[in-house]
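Heads up, the thing below is written out as structure tokens.
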Amino acid sequence: MKTMKGRLVWLAAAMAMAVAGPAMAQKSGGTLRIQHMDTPPSASIHEEATVSVAVPFMSLYNNLVMFDQNVARNSLDSIVPDLATRWEWTDGGTKLRFKLRDGVKWHDGKPFTAKDVECTFDLLTSGETKLRRNPRSTWWTNIEKVTADGDLDVTFHLKAPQPSLLTLLASGYTPIYACHVPIDQMRRRPIGTGPFKLAEFKMNEGIKLVKNADYWKKGRPYLDAIEFTIIPDRSTRMLSFIAGKYDMTFPADVTVPLLKNIKAEAPNAQCTMRESGVSSNVIINAERPPFDNPKIRRAVALTLDRKAFIDILAEGEGKLSGIMVPPPDGVWGLPPEMLQGLPGYGDVAKAREEARGLMKEAGYGPDKRLKVKVSTRNIATFKDPAVILIDQLKHVFIDGELEIIDTTVYYNRVFKKDYVVALNLSGVAVDDPDVALFETYACGSLRNYNNYCNAEMTKLFEAQSRELDPKKRQQMVWDIDRKLQEDIARPIIAYGRIAGCWQPQVKNVTLHVNSIYNNWRFEDVWLER
């Protein structure tokens, strides 16, 4: 009981801070100009799986709770109220009750109620029967039901205790949708409760958001508008930012080498280099011959020279890891000493020798090479490592041909398993095993792109999710991670570091250091010009 009282005191303070905001001499007005890499597939966050959607559209919505936008590290302690004003766990951790904020309106003027929360989670827990696709459906498999217990009261009923649930609800990927707005409208003309409204969404051109003058958080947002301009070529993006044409780079766009250029050419720019929470990885369609042969899949994993990827792409600043974000930025990642001995993480020459032996057993060799398309998304962060992968595959008698796919098509292709081998990037929206394990490796998950399915591993995923002792859960996660690497479930190349930059006139920007998905509300950002 003492702990609960302390939690309530903290919540009251956090709520006051969330409403009052940081004590600064903010100015209202102006348009924030941000670069964007490519056309988002839609504006419906619940149906998409890319940061290209999270960044421009998170500010249209609100969550029940969110990660404090002004605290750099996402954690359970940085969660603050949003549409919910308070919450409590009951019934041994199997019920989570929320009290909702009164007086909130949707962008079309209709009132927000608990029914909207119930409707949102009815969408999310109904598989793909109500959504065009549901990339994070596995986040919610422990939810038995969500009930509206009045206009401002809602309860999550769980099948078993789940310590991570609040962090999942705080993600930028968990906005509340309106019951009265058809899901097809949310893809191009979304309605939210957030600080900004959608004004324009033009394919291959850009996105414009305008201030929600009736936002429930009085005094927010400070900006009149945000304009995202789509510029496909990264060199053009960097040069135009340096020239001062834009206020912000796309916040997950600046690599280690590019940051050096920006610091040299635009020394007044503010930049944050941080853990991306995104791994480069190889996805292999095990249903497509000859990759239905596990020897060939293992050969692909063994040929990877992970250090070469890191040295070329990040000048040595990336990190080896398994599925979880590596320490010290990540809480759950395998320590470096535990990576030793995993397939492909040790002596590269020795591993490639084993790989060539496996390829010969499968019928390939110097005189009979395997030709394959290596698919990837049409942005530099995907294409650059794909080129390196193709070069490394040559060491094991595999000749890759690069296939570049636009973002609007790429995710449809991998969701449908319409590829053979692909260089993919996978982001961990929240640094918690319930995100990475269920979303990426659970049987039937839409984001399980290569259809890895192991019923025994799924049982282990569920066991760690319900473990209340953090130390015990940590060891369970490490054991799972090692097993996934040994199974060649999805060869992880490395986690990268990435920077976002903004001009000195942009104020009160905080980029989260362990996720690129959760801090795009923009309600506290203001311009001094």
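Could you give me the percent of Cα pairs per 5 Å distance bin for the range 256-327, shortest bin first, beginning at zero and ending with the bin that holds the maximum distance?
3, 12, 17, 17, 15, 12, 9, 6, 4, 3, 1
Among Leu339, Ser279, Gln485, whose Cα sits farthest toward the positive end of the charge dipole of the range 275-497 (+1 at Cβ of Lys/Arg, -1 at Cβ of Asp/Glu, about the Cα centre)?
Gln485
Go through the cysteines of the chain and tell me which have no other cysteine Cβ under 4.7 Å away.
There are none, since every cysteine in the chain has another cysteine Cβ under 4.7 Å of its own.
Send over the Kirkwood Rh of the range 397-462, from the inverse of the averaged 1/r over different Cα pairs, rounded to one decimal Å.
Details: mean 1/r = 0.0743 Å⁻¹.
This gives a value of 13.5 Å.
Can you compute the charge dipole magnitude of the chain about its Cα centre, using +1 on each Lys and Arg Cβ and -1 on each Asp and Glu Cβ, nothing else charged? Give it in debye, rounded to the nearest 20. Provide the component values of the computation, followed by the final result.
Values: 70 positive and 64 negative charges, 70 e Å.
Here the size comes out at about 340 debye.
Given N residues in the range 443-529, what is its alpha carbon radius of gyration divided by 2.2 N^0.38 Å? The partial results should precede the final answer.
Working: Rg = 19.3 Å, N = 87, 2.2 N^0.38 = 12.0 Å.
For the range 443-529, the normalised Cα radius of gyration comes out at 1.61.
Across the range 275-497, what fraction of all alpha-carbon pairs, as a whole percent, falls in each successive 5 Å bin from zero upward?
1, 7, 15, 20, 21, 17, 12, 5, 2, 0, 0, 0
Rounded to the nearest Å, what's the spacing between the alpha carbon centres of the range 105-147 and the range 466-504? Just the number, please.
A separation of 27 Å, based on Cα centres.
Could you compute how fast the range 451-491 diffuses translationally, taking Rh as the Kirkwood radius over C-alpha pairs and applying Stokes-Einstein at 4 °C with viscosity 1.567 mPa s? Give it in µm² per second. Mind showing how you got there, number by number?
Numbers: Rh = 10.7 Å.
My calculation gives 122 µm²/s for D.
Considering only DSSP beta bridges with both partners in the chain, what is the antiparallel share in %, to the nearest 5?
Details: 53 of 70 bridges.
Counting DSSP beta bridges with both partners in the chain, the antiparallel share is about 75 percent.
If you look at just the Cα atoms of the range 162-314, how large are its Rg and its Dmax in Å?
Calculated on Cα positions, Rg and Dmax stand at 21.4, 61 Å.
What shape does the range 66-170 take by its C-alpha gyration tensor, where a ≥ b ≥ c are the square roots of the eigenvalues and a/c under 1.5 counts as rounded, a/b above b/c as prolate, and the rest as oblate? Before the final figure, lay out each step's value.
Numbers: a/c = 1.21, a/b = 1.01, b/c = 1.20.
Here the range 66-170 falls in the rounded category.
May I ask you to work out the translational diffusion coefficient for the chain at 25 °C, viscosity 0.890 mPa s, via Stokes-Einstein with Rh from the Kirkwood sum over Cα pairs, reported in whole µm²/s? Don't skip to the end; give the middle numbers.
Values: Rh = 23.9 Å.
Stokes-Einstein gives a translational diffusion coefficient of 103 µm²/s.
Rounded to a whole number, what is D in µm²/s for the range 279-363 from Stokes-Einstein with the Kirkwood radius over alpha-carbon pairs (10 °C, 1.306 mPa s)? Walk me through the numbers before you get to the answer.
On the way: Rh = 14.1 Å.
It diffuses with D of about 112 µm²/s by this estimate.
Can you tell me the relative contact order of the range 145-254? Whole percent, Cα pairs under 8 Å, sequence separation 6 or more. Mind showing how you got there, number by number?
Details: 92 pairs, mean separation 13.8, N = 110.
Relative contact order for the range 145-254 comes out at 13 percent.
Distance between the C-alpha centers of the range 156-211 and the range 83-101? Whole Å please.
Result: 21 Å between the Cα centres.
Mind jotting down the three principal axis lengths of the range 158-249 based on Cα atoms? Whole angstrom, largest first.
Computed over the Cα atoms, the extents are 54, 31, 30 Å.
Helix 380-393 versus the longest principal axis of the chain: what angle, 0 to 90°, nearest 10, using Cα atoms?
Its long axis makes an angle of about 20 degrees.
At a Förster distance of 22 Å, what's the computed FRET efficiency of Leu166 paired with Asp479, Cβ-Cβ distance as r, to 0.05?
Values: r = 25 Å, r/R0 = 1.13.
Plugging the Cβ-Cβ distance into 1/(1 + (r/R0)^6) gives 0.30.
Which whole-angstrom value gives the distance between the alpha carbon centres of the range 338-353 and the range 22-57?
Each part's Cα centre sits 41 Å from the other's.
Each reported figure results from applying straightforward, stated rules to the coordinates on display, with no laboratory input. Note that the structure is predicted; figures quoted are calculated from it, not measured. All Cβ positions, glycine included, derive from the backbone under ideal geometry; neighbour counts span all protein chains shown.
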